[in-house]
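Read through the structure below, which is laid out as structure tokens, and then see the notes.
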Amino acid sequence: EPILVMQDVRKTYRTGGFLGRGGRVTHAVRGVTLMLPKGATLGIVGESGSGKSTLARCLVRLVPPDGGSVALDGLDLASLTRRQMRREAHRIQMVFQDPYGSLNPRRRAGELVAQGPMIHGTPRVEAMRRAKALFELVGLDPASTERFPHEFSGGQRQRIGLARALALEPEVLVADEPVSALDVSVQAQVLRLLAELRERLGLSLVFITHDLRVAAQVCDLVAVMKDGEVVEHGPIARVFEAP
Ligand code: ADP
Ligand code: ADP
């Protein structure tokens with residue numbers, strides 16, 4: 001039974017131009033229909049520029065899609081009011097390629113993790129306690145919640161990014177190239193952690209990567225994107241078997 005259903009998702013970017021004239025139009029995502037079964041990992045693979053990131057952003061509504069629908073456990077996210085969306089948004093969270101870019105350098109790591117729950121009304125003391133527990137869960141020293149993002153290695157920062165995403169207890173995690181910025185040895189650790197967390201927390205995962213070896217390691221299902229469209233999809237063994 002699917003936890004996430006994408007139906008004919010579309011996104012077009014218009015850049016430059018004036019009053020709708022001139023400029024450039026990019027059909028970044030052109031009608032993607034895919035589903036993610038509960039507990040599974042769906043890989044989205046494809047070359048740079050094929051629309052993977054845009055699709056990922058549409059799923060968490062960082063980018064509003066301009067067509068189609070995304071349903072989370074039967075709930076069409078586009079049909080929600082802003083207020084309803086604020087209530088449901090925690091159920092689908094994103095992990096970024098370069099967590100440094102998304103971690104405010106002036107905030108302590110623990111605060112960055114506690115931020116989401118605090119916005120949702122969790123008292124500060126309780127949110128900080130939860131941040132420490134999350135640090136342990138992702139393999140970081142709970143005492144390091146007092147440190148700033150630049151005091152962590154790349155792999156550790158990715159763990160902070162994960163803790164931050166997990167803080168709101170999501171059902172679906174959308175990871176956009178979560179290991180691409182890391183050394184190969186560190187990549188393996190983070191991938192193992194992701195697989196472990198998926199099992200332990202019963203997460204369903206959308207995993208964006210340009211790296212087919214990484215996809216083969218972590219995904220059950222895979223969709224290949226090209227020029228904004230899915231050109232092939234299915235169980236990983238079938239899609240990746242030599243033609
Ligand atoms: P990737 O290929 O790894 O997704 P890019 O370097 O293409 O990364 O894009 C980095 C960021 O710049 C993304 O947030 C993306 O949405 C944005 N971006 C990409 N292409 C354009 C563009 N033509 N105009 C404006 N922003 C863009
Ligand atoms: P991928 O993640 O597969 O590298 P993207 O979704 O980043 O692909 O980009 C798909 C297409 O959309 C590319 O042509 C890119 O330049 C363009 N694009 C991405 N983000 C933006 C943006 N914010 N503004 C304009 N064009 C963008």
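Quick note: the coordinates plus some simple rules give every number you see, no bench work behind them. Remember, predicted model here, so these are calculated numbers, not experimental data. Please note: Cβ atoms are built from the backbone with ideal geometry, for glycine as well, and neighbour counts cover all protein chains shown.
Going by how many other beta carbons lie within 10 Å of each one, how would you line up T145, T122, T209, fewest first? Walk me through the numbers on the way to the answer.
Details: T145 21, T122 17, T209 25.
The fewest-first ordering by Cβ neighbours comes to T122, T145, T209.
Here's the picture: charge each Lys and Arg Cβ at +1 and each Asp and Glu Cβ at -1 in the chain, and of Q115, T54, H233 the one pushed furthest to the positive end of that dipole is Q115.
Compute the FRET efficiency between E136 and S185 as 1/(1 + (r/R0)^6), taking r as their Cβ-Cβ distance and R0 = 30 Å, and round to the nearest 0.05. Provide the component values of the computation, followed by the final result.
On the way: r = 22 Å, r/R0 = 0.74.
The computed FRET efficiency comes out at 0.85.
Site pair R200 and Q7 shows an inter-label distance of 3.7 nm when each label is modelled 7 Å from Cα along Cα→Cβ. Electrostatic tally near I208: other residues with Cβ closer than 12 Å to its Cβ, Lys and Arg +1, Asp and Glu -1, net -1.
Taking 7 Å steps out from each Cα toward its Cβ at R213 and R129 produces label points 4.5 nm apart. Evaluated with a Cβ-only charge set (Lys, Arg +1; Asp, Glu -1), the chain carries a dipole of roughly 960 debye about its Cα centre, given to the nearest 20. The angle between the Cα long axis of helix 154-166 and the main principal axis of the chain comes to about 80°, on a 0 to 90 degree scale. Since only I44, A181, A163 are under comparison, the one whose Cα sits farthest along the positive direction of the charge dipole of the chain, derived from C-beta charges on Lys, Arg, Asp and Glu, is A163. Classify region 1-151 as rounded, prolate or oblate, taking a ≥ b ≥ c as the square roots of the eigenvalues of its Cα gyration tensor: rounded when a/c is under 1.5, otherwise prolate if a/b is larger than b/c and oblate if not. Prolate is the answer for region 1-151, as a/c is 1.5 or above and a/b outweighs b/c.
Pairs of Cα atoms nearer than 8 Å and 6+ residues apart set the relative contact order; for region 1-116 it is 27 percent. I want to verify a result. In a Gaussian network model of the chain, Cα cutoff 10 Å, which of these has the top mean-square fluctuation: R82, R91, R30? Largest GNM mean-square fluctuation: R82.
Express the relative contact order of region 61-175 as a whole percentage, based on alpha carbon pairs under 8 Å and six or more residues apart in sequence. Don't skip to the answer; put the middle values down first.
Values: 134 pairs, mean separation 41.1, N = 115.
Value for region 61-175: 36 percent.
Nearest 500 deg cm²/dmol is fine: what mean residue ellipticity at 222 nm does the chain get from its DSSP H runs of n ≥ 4 alone, each adding -39,500 (n - 2.57), divided by its residue count?
Details: 9 runs with 87 residues, N = 243.
That comes out to -10500 deg cm²/dmol.
Taking K and R as +1 and D and E as -1, what net charge do the other residues with C-beta under 11 Å from the C-beta of L72 add up to? For residues surrounding L72, the net value is -2. Compute the angle between helix 109-119 and the longest alpha-carbon principal axis of the chain, please, reported from 0 to 90 degrees and rounded to the nearest 10. That helix lies at roughly 70 degrees to the long axis. Considering only V45, V63, V32, the Gaussian network model of the chain with Cα springs below 10 Å gives its largest mean-square fluctuation to V63. Counting only lysines at least 8 places from K11 when in the same chain, those with an alpha carbon closer than 22 Å to its own are K52, K226. Among A195, A215, A223, the largest mean-square fluctuation in a Gaussian network model of the chain, built with springs joining Cα atoms closer than 10 Å, belongs to A195. In a fully extended conformation the segment linking D66 and S48 would gain 4.3 nm over its present Cα-Cα distance, using 0.36 nm per residue.
Where a ≥ b ≥ c are the square roots of the eigenvalues of the C-alpha gyration tensor, would you call region 1-58 rounded, which needs a/c under 1.5, or, failing that, prolate if a/b is larger than b/c, or oblate?
Values: a/c = 4.00, a/b = 2.43, b/c = 1.65.
In terms of gyration-tensor shape, prolate.
Between rounded, prolate and oblate, where does region 112-171 land on the alpha carbon gyration tensor, with a ≥ b ≥ c its root eigenvalues, rounded for a/c under 1.5, else prolate if a/b exceeds b/c? Here region 112-171 falls in the prolate category. Think of the chain as having a plus end and a minus end, set by charges on the Cβ of Lys, Arg, Asp and Glu; of A89, L137, L193, A89 sits farthest toward the positive end of this dipole.
Spatial offset of region 23-44 relative to region 97-136 amounts to 29 Å, using the alpha carbon center of each.
Take every pair of alpha-carbon atoms less than 8 Å apart whose residues are at least six positions apart; their mean separation over the length of the chain yields a relative contact order of 28 percent.
Taking label positions 7 Å along the Cα-Cβ direction at both M35 and A143, the computed distance is 5.0 nm, reported to one decimal.
Axis angle, to the nearest 10 degrees, between helix 124-137 and the longest C-alpha principal axis of the chain: 70 degrees.
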